[in-house]
1. Which condition number does E151 fail, the rest of (1) of a type in the set (D, E); (2) modelled with pLDDT under 95; (3) touching a helix residue (DSSP H, G or I) at 6+ places or on another chain (Cβ under 8 Å) being met?
2. Which residues, counting only those in the range 49-69, are part of a loop (DSSP other than H, G, I, E, B) and either in contact with a Leu (Cβ under 6 Å, 6 or more places away or on another chain) or without any contact (Cβ under 8 Å) to a residue 12 or more places away in the chain (or both)?
3. Say whether the condition of being surrounded by 15 or more Cβ atoms within 10 Å (Cβ to Cβ), β-branched (V, I, T), modelled with pLDDT of 95 or more and within 20 Å of the chain's Cα centre (by Cα) is met by at least one residue in the range 48-57.
4. Restricting attention to the range 1-48, which residues are outside any loop (DSSP other than H, G, I, E, B) and acidic (D, E)?
5. Go through the range 61-90 and report how many residues are touching a Lys or Arg at 6+ places or on another chain (Cβ under 8 Å) and not aliphatic (A, V, I, L, M).
6. Which residue out of N103, N117 is surrounded by fewer than 19 Cβ atoms within 10 Å (Cβ to Cβ) and either under 21 Å from the mean Cα position of the chain (by Cα) or not assigned by TED's automatic domain parsing to the domain that holds W139 (or both)?
7. Of the residues in the range 143-182, how many are on the phi < 0 side of the Ramachandran plot and either buried (at least 19 other Cβ atoms within 10 Å of the Cβ) or among the charged types (D, E, K, R) (or both)?
8. Being farther than 18 Å from K135 by Cα, within 20 Å of the chain's Cα centre (by Cα) and among the hydroxyl-bearing types (S, T, Y): is that true of T206 here?
Amino acid sequence: MDIEKIKKKFAKNFKDEISGFSGDLNSFSLIKLPSKRNLVYELTFIRKPRNFPKELILKKFQTKNAENEIITYKKLENQDINVPKLLLFKKSYLILEKLNGTNLCHLINDNLLNTVNLDDLDSEVKERIINSVEKLASWIAQLHKNNIIDEKDPSKIIVLNKADTRLKDFIVDITTDTLYGFDFEDSYEGNPIDDLAWICTALLDTNPGIFEMTDPKHKIELIIIFLKKYYSITSFNFDFNYFTESLIDNLNIVMKRRSIRLSPIKKATFIEEIKKEL
């Protein structure tokens, strides 16, 4: 669907919902943002509507997961977990607050290019990256602790998982030292290690990672920092075998998504390095 069609549908659906918005197609602009399954846009009004932000995020669902995402956003807002405010929803169009800050994936990986260890970084940059990864661990820990579904068996805790949890799903506002999470259409109830394994997958597979380097020591360091921070906050059991199996399964899924022609990952040295530290 092209931008002009989206603009017409937005104007039709929301001109009566947003005070001061006439529905004039020339009164706002749209910029398409990267998204695999749904259509996501940055929307900017030429003139700020009354009681409404000048800039926002518009999401047009092409999947059937809209209700799941809306329920999750409302739940997390009520728990004071840092997520963008859900402003409006109508006819598969979701309007969210636009977050200010830097995408976590870029913050980490842009600074790690041409390095091997975290100590290769300027001390201020290193501190910023570690702080962001620890904030990510705290965010995930808060999500899980606030949403325990079943804790009858300590070895099999069930929590609300964000699902397919990637670094790109988080924004860091350096000015306020705040990390925000977004994109909850696939959230589900399951083992908390599922989210941890996906975060660690994202740390390993994004460039520079295991598909670009034989031994990405900085990424392994960040995984260890992430897991140690998470388990300093939660009291959940850590099943290393389950974690390892999930991590390898995820990496193989990523290889397939990205059409990377390598033998399936079964066991790698990075697993042993992580195990030594945990």
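The values are calculated or read from the model by the stated rules, or taken from the named source; none is laboratory data. On a predicted model such as this, the values are computed, not experimentally measured, just so you know. Counting neighbours? That spans all protein chains shown, and the Cβs are built from the backbone with ideal geometry, glycine included.
1. Unmet for E151, out of (1) of a type in the set (D, E); (2) modelled with pLDDT under 95; (3) touching a helix residue (DSSP H, G or I) at 6+ places or on another chain (Cβ under 8 Å): (3).
2. Passing the criteria: K54, K64.
3. yes
4. E4, E42
5. 4
6. Just a single option satisfies the conditions, and that option is N103.
7. 27
8. Yes, satisfied.
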